[in-house]
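The values are calculated or read from the model by the stated rules, or taken from the named source; none is laboratory data. Treat the numbers as computed from the prediction; the structure is a model and nothing was measured. Counting neighbours? That spans all protein chains shown, and the Cβs are built from the backbone with ideal geometry, glycine included. Ligands, DNA and RNA are stripped out before the accessible areas are found, and what is left, the full protein with its side chains, is counted by its heavy atoms. Shrake-Rupley method; radii C 1.70, N 1.55, O 1.52, S 1.80 Å.
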Amino acid sequence: MRLTRREMIAGLGGGLALLAELPARAQGAYPNRTIKMIVPYPAGGTTDLLGRMVADQFKSGLNATVVVENKPGAGTTLGADQVARAEPDGYTLLMATSTTLAINKTLYKKLPYDPVKDFAPIALVAGVPFALIINPTIPAKTLAEFIAYAKSTPGLAYGSAGNGSPQHLGAEMLRTAAGIDIRHVPYRGSIPAMLDVIAGHIPFMVVDLQPALQQIKEGKVRVLGVTTPKRVAIAPEIPTIAEAGLAGYELIAWQGVVAPAATPRPVVDELAAQIGKLMADPATREKLTALSLEPLPPSTPDSFAAYIKSEVDRWAVIVKNSGAEAE
């Protein structure tokens, strides 16, 4: 039987419709192509380490191809802006920090992204504790003695990882709580600043505990307290700053994963579930503890979103009180 022209066109249209469906069918369940994890810090640091741990979980748990791309610069804003502008399809993620999602909102006059509106929160990963360290030649072995020394030596210099960094703001919190007159010396990272504390070029700083712990054990610096509300598991002999005399003092930087806003909720939930599995793994928690990091309580996309909003408000007060500002 011969087909009429109308029947042939109708048949061709049906075939085209079937072809049009093929890409959608081929897409299948998420993920079916490479996921990119943006880390807004150089390779080798804490954020990079956590980003790669999460990426490995996505590889095994989702049978996905995941690449980690380090994009440091401008106080994490370069990497964050790249993710904020990416397609909201779950294939571009950000290993974000409290600097990225909370501090920068107040620190920068013109931030290229909105921490609340431009991202879909997925899950918290870990907390980063800090410690107050001093050069051993300073005649102070307790926090109270150091505060007395600082009051007798106005203008005491301290180092930080840069203007508006948690290290900077932690020292400014100390200034306010203790009523001391201190002077900020910004560095390009916490390690160079810590090395100058060891060398005696600057007398003290608030530093991430992880890189400082070995220096503390070797006596190259003296530690006066950790900034967490409870003592850190890896170094239970170090008192908290709060119990050492400054009640209510607390500084913890946090790390978490976000996607561009409008990323489909099923994708967000799938990624959150994988991070939940990672953080529930005893081996992972032991590894984080050994690295002087704090495993955080389980979170959901909704609880993480609420936490970000509360942290923006909390850090706004600290940033404004410090006088820190970035262009």
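Tabulated results
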read-out: Residue match in region 190-202 (condition: touching a Lys or Arg at 6+ places or on another chain (Cβ under 8 Å), within 15 Å of Gly170 (Cα to Cα) and of a type outside the set (Lys, Arg)); value: no
read-out: Residue check for Ile103: in a helix (DSSP H, G or I), among the aliphatic types (A, V, I, L, M), open to solvent by less than 10 Å² (accessible area, probe 1.4 Å) and in contact with a Leu (Cβ under 8 Å, 6 or more places away or on another chain); value: yes
read-out: Answer residue from region 82-100, given it is of a type in the set (A, V, I, L, M) and part of a helix (DSSP H, G or I) and is least open to solvent (accessible area, probe 1.4 Å) among those; value: Val83
read-out: Residues of region 264-308 that turn out to be more than 18 Å from Gly61 (Cβ to Cβ), among the β-branched types (Val, Ile, Thr) and at pLDDT 95 or above, as a count; value: 1
read-out: Candidate set from region 147-173 (those that are hydrophobic (A, V, I, L, M, F, W, C) and part of a helix (DSSP H, G or I)); member that is farthest from the chain's Cα centre (by Cα); value: Ala148
read-out: Residue match in region 124-142 (condition: open to solvent by less than 10 Å² (accessible area, probe 1.4 Å) and over 30 Å from Ala178 (Cα atoms)); value: yes
read-out: Failed item in (1) free of Cβ contacts under 8 Å to residues at least 60 places away in the same chain; (2) surrounded by fewer than 14 Cβ atoms within 10 Å (Cβ to Cβ); (3) not basic (Lys, Arg), with Pro211 passing the rest; value: (2)
read-out: Selection within region 63-106 - within 19 Å of Lys320 (Cα to Cα) and either over 16 Å from the mean Cα position of the chain (by Cα) or free of Cβ contacts under 8 Å to residues at least 40 places away in the same chain (or both); value: Thr106
